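> What follows is a single structure, and I will ask about it in a moment.
The values are calculated or read from the model by the stated rules, or taken from the named source; none is laboratory data. Please read all numbers here as calculations on a predicted model, not as lab measurements. Don't worry about glycine lacking a Cβ; one is built from the backbone with ideal geometry, like all the others, and counts go over all protein chains shown.
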Amino acid sequence: MVFSPEARAAPPLAAVTPAAGVATASSGMRDVLLVGNNWDGTVDVIDVRTYQRLSRINVIPDKSERMLEITLDPIRLTYFLFIREQVGEGHDQFVDDVFASNDGQVIYVSRPSFADVVAINLSTGRIRWRTRVEGNRADHMAISPDGTRLTVSASTANRAHIIDTATGSIVGSFPSGDNPHENNYSRDGSKIFHASIGTVYTALDTPELDGTKGERYFQIVDARTLQVLKRLNMRQKLAELGMPEMSAAVRPMALSPDERFLYFQVSFFHGFVEYDLEADRVTRIAHLPVSPETQALRRDQYLLDSAHHGIAMSGDGTKLCVAGTMSNYAAIVSRETFRYRINPLGARTYWATTSVDGRFCFVSVAGDDTVSVISYATEQEVARIPVGDHPQRARTAKLAASLFP
């Protein structure tokens, strides 16, 4: 057992009923939340019943070896330093995304600064396999429902790779726009919903300079053949609705339970867009509040063009949870009416994911190294969980109960 023995309870803000159907040792699996701490290269394992940290996993055990490789390669070193200064706010990016294997024995981690994906054996803490992506940065991932395939965005190669989770082999790829970013599998695993975001790190952020950001698309990809079934420029789609100055960069997204409606965020916009995938058009736009401090900022002062970065849907499909990144809040929004309730969280928010039972939203508060737990029913924060340095992606998972004494 290589987990850190330290565990820390989150102080509850209100009485919380434990998540329903949480697996226990008797079932062989345990429901947890995996939180990737980007700047310190760790993943925290959180008990979703108690909001206690069960363990902290070092996901860069090979850091010395990787750093030696990078310092001896001028091209890789240039990209490494560029990522540190332009993307990581002066910090190295060691964890972007994290998923668990279906047997709960392994986690898969994309590591932007090392331009790779690793599988880490949770019993030993050792790397089972390591796969370099094309180019010089690895970004968001998705895992197929059967757990056999990972999709990872290779940011500087303008492609997304498909990785065999058993071997780490790249078994396919598909083309993207500039700086591929978000990935999601359909419920049945037959499709991949993918988006590219362009050069979010430049200061050319006024609407008239939008073209300098590169090619940015939303794509639907056949998960078996990797053929691009549909490619949309959302700037054009939004212009059809009378909003020609909106960005084409689709950021985080959420799908309705029937996968007809897509809810997505775009660069610089405080809110989200509803898109009917059957009718192939924007149907509604949700405008959310902008804090007075953010209203005073120029667009080039936004973090990587992200007005908002993080959106999830409740289990019953009636509400959305939105990370209001630049305004330091999370919003619970009625899907029917777009009425919202704001939860001020005091620091920059950067991701949102829904609990396995669909009742709670976990919001990464990257600005103060915590995760906020918000009830969809009450629309209020019910707990705050201390985690590591700069939490970003948080994913629900089932880990083997045998890992926990």
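> Which of the following residues is touching a helix residue (DSSP H, G or I) at 6+ places or on another chain (Cβ under 7 Å) and not in a strand (DSSP E or B): Phe94, Phe82?
Among Phe94, Phe82, only Phe94 is touching a helix residue (DSSP H, G or I) at 6+ places or on another chain (Cβ under 7 Å) and not in a strand (DSSP E or B).
> I would also like to ask the following. Please verify whether region 67-88 includes one or more residues that are closer than 17 Å to Arg393 by Cβ, among the aromatic types (Phe, Trp, Tyr) and crowded, with 20+ Cβ neighbours inside 10 Å.
No, the conditions are met nowhere in region 67-88.
> Follow-up. Here are the criteria: (1) within 18 Å of the chain's Cα centre (by Cα); (2) buried (at least 23 other Cβ atoms within 10 Å of the Cβ). Tell me which single one Phe268 does not satisfy.
(2)
> Quick one: Arg187 ticks every box in (1) under 29 Å from Glu69 (Cβ atoms); (2) basic (Lys, Arg); (3) within 18 Å of the chain's Cα centre (by Cα); (4) surrounded by fewer than 22 Cβ atoms within 10 Å (Cβ to Cβ) except a single one, so which number is it?
The number of the failed condition is (1).
> Could I ask something else about it? With the requirement that a residue be more than 21 Å from Glu336 (Cα to Cα) and not in a loop (DSSP other than H, G, I, E, B), what does region 233-282 give you?
Met234, Arg235, Gln236, Lys237, Ala239, Val250, Arg251
> Across region 130-159, what is the total count of residues that are farther than 26 Å from Asp103 by Cβ and out of contact with any Ser or Thr (no Cβ under 7 Å at 6 or more places or on another chain)?
Going through region 130-159 one residue at a time, the tally reaches 5.
> Checking the condition at pLDDT 95 or above, buried (at least 22 other Cβ atoms within 10 Å of the Cβ) and either in a loop (DSSP other than H, G, I, E, B) or touching a helix residue (DSSP H, G or I) at 6+ places or on another chain (Cβ under 7 Å) (or both), which residue from Ser113, Ser123, Ser153 passes?
One residue alone meets the criteria, Ser113.
> If only one of Ala377, Ala330 is at pLDDT 95 or above, aliphatic (A, V, I, L, M) and surrounded by fewer than 23 Cβ atoms within 10 Å (Cβ to Cβ), which one is it?
Residue meeting the stated conditions: Ala377.
> Determine which single condition Ile57 fails, assuming it passes every other condition in (1) modelled with pLDDT of 95 or more; (2) surrounded by fewer than 19 Cβ atoms within 10 Å (Cβ to Cβ); (3) hydrophobic (A, V, I, L, M, F, W, C).
Going through (1) modelled with pLDDT of 95 or more; (2) surrounded by fewer than 19 Cβ atoms within 10 Å (Cβ to Cβ); (3) hydrophobic (A, V, I, L, M, F, W, C) one by one, Ile57 breaks only (2).
> May I pose another question? What residue, of Tyr350, Tyr302, is crowded, with 24+ Cβ neighbours inside 10 Å and of a type in the set (Ser, Thr, Tyr)?
Just a single option satisfies the conditions, and that option is Tyr350.
> Still on this structure: Could you say whether any residue in region 286-306 is in contact (Cβ under 8 Å) with a residue 24 or more places away in the chain and part of a strand (DSSP E or B)?
Yes, there is a match, as at least one residue in region 286-306 is in contact (Cβ under 8 Å) with a residue 24 or more places away in the chain and part of a strand (DSSP E or B).
> Could you check region 367-380 and list, in sequence order, the residues that are closer than 15 Å to Thr354 by Cβ and either in contact with a His (Cβ under 9 Å, 6 or more places away or on another chain) or of a type outside the set (Ser, Thr, Tyr) (or both)?
Val371, Val373, Ile374, Ala377, Glu379
> Applying the selection to region 197-235, what residues are of a type in the set (Ser, Thr, Tyr) and either at pLDDT below 95 or touching a helix residue (DSSP H, G or I) at 6+ places or on another chain (Cβ under 9 Å) (or both)?
Scanning region 197-235 gives Thr199, Tyr201, Thr202, Thr206, Thr212, Tyr217.
> Further question: Looking at region 60-93, which of its residues are among the hydrophobic types (A, V, I, L, M, F, W, C) and in contact with a Phe, Trp or Tyr (Cβ under 7 Å, 6 or more places away or on another chain)?
Ile60, Ile70, Val87 - these are the residues of region 60-93 that are among the hydrophobic types (A, V, I, L, M, F, W, C) and in contact with a Phe, Trp or Tyr (Cβ under 7 Å, 6 or more places away or on another chain).
> Name every residue in region 286-298 that is buried (at least 16 other Cβ atoms within 10 Å of the Cβ) and either modelled with pLDDT under 95 or more than 16 Å from Asn343 (Cα to Cα) (or both), in order of residue number.
Ala286, Thr294
> Looking at region 89-99 only, could you name the residues that are under 9 Å from Arg393 (Cβ atoms) and either among the charged types (D, E, K, R) or surrounded by fewer than 18 Cβ atoms within 10 Å (Cβ to Cβ) (or both)?
Once the filter is applied, which keeps residues that are under 9 Å from Arg393 (Cβ atoms) and either among the charged types (D, E, K, R) or surrounded by fewer than 18 Cβ atoms within 10 Å (Cβ to Cβ) (or both), region 89-99 yields Asp96, Asp97.
> Continuing with this model, one more query. Taking region 126-147, which residues are outside any strand (DSSP E or B), at negative phi and touching a residue at least 40 places away in the same chain (Cβ under 8 Å)?
Selection gives Arg126, Asn136, Arg137, Ser144, Pro145, Asp146.
> Here's a follow-up. Quickly run through region 160-212 and pick out the residues that are of a type in the set (D, E, K, R) and either part of a loop (DSSP other than H, G, I, E, B) or touching a residue at least 40 places away in the same chain (Cβ under 8 Å) (or both).
Scanning region 160-212 gives Asp178, Glu182, Arg187, Asp188, Asp205.
> Given the structure, is Ser364 over 19 Å from the mean Cα position of the chain (by Cα) and at pLDDT 95 or above?
no
> List pairs: first in region 97-108 and within 15 Å of Ser27 (Cβ to Cβ) and touching a residue at least 40 places away in the same chain (Cβ under 8 Å), second of a type in the set (Ser, Thr, Tyr) and crowded, with 24+ Cβ neighbours inside 10 Å, Cβ under 9 Å, 6+ apart or cross-chain?
Short answer, once both residue conditions are applied: none.
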